[in-house]
1. Restricted to region 81-100, and to residues that are over 30 Å from residue 188 (Cβ atoms) and surrounded by fewer than 18 Cβ atoms within 10 Å (Cβ to Cβ), which residue is farthest from the ligand (Cβ to nearest atom)?
2. Can you find, within region 23-41, the residue that is surrounded by the most Cβ atoms within 10 Å (Cβ to Cβ) among those that are assigned to a helix (DSSP H, G or I) and touching a helix residue (DSSP H, G or I) at 6+ places or on another chain (Cβ under 8 Å)?
3. All but one of (1) at pLDDT 95 or above; (2) outside any loop (DSSP other than H, G, I, E, B) hold for residue 17; state the number of the condition that does not hold.
4. Only one of these is in contact with a strand residue (DSSP E or B) (Cβ under 8 Å, 6 or more places away or on another chain), free of Cβ contacts under 8 Å to residues at least 12 places away in the same chain and more than 21 Å from residue 112 (Cβ to Cβ): 222, 198, 183, 203. Name it.
5. Can you pull out the helices (runs of 4 or more DSSP H) entirely within region 42-110 that have at least 2 residues that are at pLDDT 95 or above?
6. Pick from 114, 130: which is buried (at least 20 other Cβ atoms within 10 Å of the Cβ) and within 9 Å of the ligand (Cβ to nearest atom)?
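The values are calculated or read from the model by the stated rules, or taken from the named source; none is laboratory data. The model shown is predicted, which means the values in this text are computed figures rather than measured ones. When we count neighbours, we look across all protein chains shown, and the Cβ atoms used for this are built from the backbone with ideal geometry, even at glycine.
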Ligand SMILES: C[S@@+](CC[C@H](N)C(=O)[O-])C[C@H]1O[C@@H](n2cnc3c(N)ncnc32)[C@H](O)[C@@H]1O
């Protein structure tokens, strides 16, 4: 029996915007694909690899129809479909919708450098001590705000992706209203890695009333996050609880 060609799609992270932050493998995958689905911004870092391919360009009005058309084309031709996504495809990039639209395809994800990683690097904080909250995706923004507050109260740094629903200024105002210290350090990274990149280092109260572009990531640096000494102390306490006999012998 003839074997049917497998339908394949790759969601490709293309980094935060600069072409120098696209991985060689991402370039190779996109060069190999014959059908491309993406928003203009997703294609910018890989402009050089998409020339001559069948491109389904998404925008605010047509993104569902463009997705369906690209999927139909890939099914009809059995050609590789690449879906470039700015940053990393597993972060606020409509992953669930794409997976649903690509039912019947073998889907691979190629990770990319996220704007969140760049912002954490500029702020010099650990990602694993941070909560990442996107106000860009679907879901209930009010619930996300409550979650953000809980994380802050638990000593987590906050890394938030701006959207028209919540930009850095109104977010800072809301956090202060909920009791966050006004002098909490913040960093806003706008248009990261692009020629117009802007890094603002400030505090919550000075952020209130300021305007930032939608292409911004805000890092709220939590003064309640444990210091290195506290980390050591917490770990020693945990170890002593775990092995009371051993630790007593060592004293
Ligand atoms: C649709 S989400 C995509 C996130 C992306 N998948 C990532 O990993 O960075 C778009 C949001 O990501 C953030 N973003 C993406 N690229 C950025 C950049 N170069 N500079 C600052 N923020 C960026 C902004 O908060 C923007 O509103």
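1. Within region 81-100, the subset over 30 Å from residue 188 (Cβ atoms) is 81-82, 99-100.
Applying the additional criterion that residues be surrounded by fewer than 18 Cβ atoms within 10 Å (Cβ to Cβ) yields 99-100.
Numbers: 99: 15, 100: 17 Å.
Ranking the candidates gives 100 first.
2. In the first step, residues of region 23-41 are kept if they are assigned to a helix (DSSP H, G or I); the result is 24-32, 40-41.
Narrowing further to those that are touching a helix residue (DSSP H, G or I) at 6+ places or on another chain (Cβ under 8 Å): 26-27, 30-31.
Numbers: 26: 24, 27: 17, 30: 26, 31: 14.
Across region 23-41, the extreme among qualifying residues is 30.
3. (2)
4. Working: 222 fails: free of Cβ contacts under 8 Å to residues at least 12 places away in the same chain; 183 fails: free of Cβ contacts under 8 Å to residues at least 12 places away in the same chain; 203 fails: free of Cβ contacts under 8 Å to residues at least 12 places away in the same chain.
None of the others qualify; the one that does is 198.
5. Details: elements: 47-50, 63-77, 95-101.
Fully inside region 42-110 and qualifying: 63-77, 95-101.
6. Numbers: 130 fails: within 9 Å of the ligand (Cβ to nearest atom).
Going through 114, 130 in turn, the sole match is 114.
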